Structure formats: C-alpha cells, structure tokens
Amino acid sequence: MKFIFPRNYNFNNKLFGVIDYFTLTINIIYYCFIFSCCNLFFTNLNIKIFIFISLCFPIFLLSIVGLNNENIFLVLIYIIKYLKKPKLYLYN
C-alpha cells in the first residue's frame, strides 16, 4: 500500500502519536529537576507529591495539547519574549 503525502506536509515522529520526542525529553529533564528539588527541600511525602503535581501537571497538559503542533520549547520562548516586550497589535 502506497501513501501519497503532499510536499508541504510536515511529518513529525511522535510517541504514541501524541507528543513529539523533543518535547518529551524537555519534559523529562524538567520533571527530574523538580523531583530532585522536592526531595532536597521537603521531607513530608504529601508535600512532595503536591508540589510535584502542581508544578508538572500544567506543563504536561501543554505538551499534550500542543498549541497548534508547536514544540513546547518554542512556545516557552514565545511566552518569554512576549513577557519582556508586551505589545498589543491591532489590525484593521
């Protein structure tokens, strides 16, 4: 069976068809950092779990939703650029 893809179609490999591999590696690095900080600063297990979930779950949701199939790293760069120079553009 042959599949015909148009030339302007951007084919990206994704894990389970949901999240691309670069975003997955960025997420794993971020999760390991948060996990190690939680283990370093807190001793109570309930606090560790609460902090880890509250800091990692929003990033996980943004990664799955994808924001128009953009890379999570690029989305964070766009947000940081906007926060540095917030401008409102009006087009007529």
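Bear in mind these aren't lab numbers, they're just calculated from the coordinates by the rules spelled out. All values derive from a computational prediction rather than experimental measurement. Methodologically, a virtual Cβ is constructed for each residue, glycine included, from the backbone with ideal geometry; neighbour enumeration extends over all protein chains shown.
Can you tell me which of 40-52, 75-87 comes out highest on packing, and rank the rest after it, using the mean Cβ neighbours within 10 Å?
40-52, 75-87
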Review point. For the pair I4 and Y21, how long in nm is the line joining their label points, each one 7 Å along Cα→Cβ?
Key: 3.0 nm
Check your understanding: Counting pairs of alpha carbon atoms under 8 Å apart in space and at least six apart in sequence, what relative contact order in percent does the range 12-64 give?
Key -> 37 percent
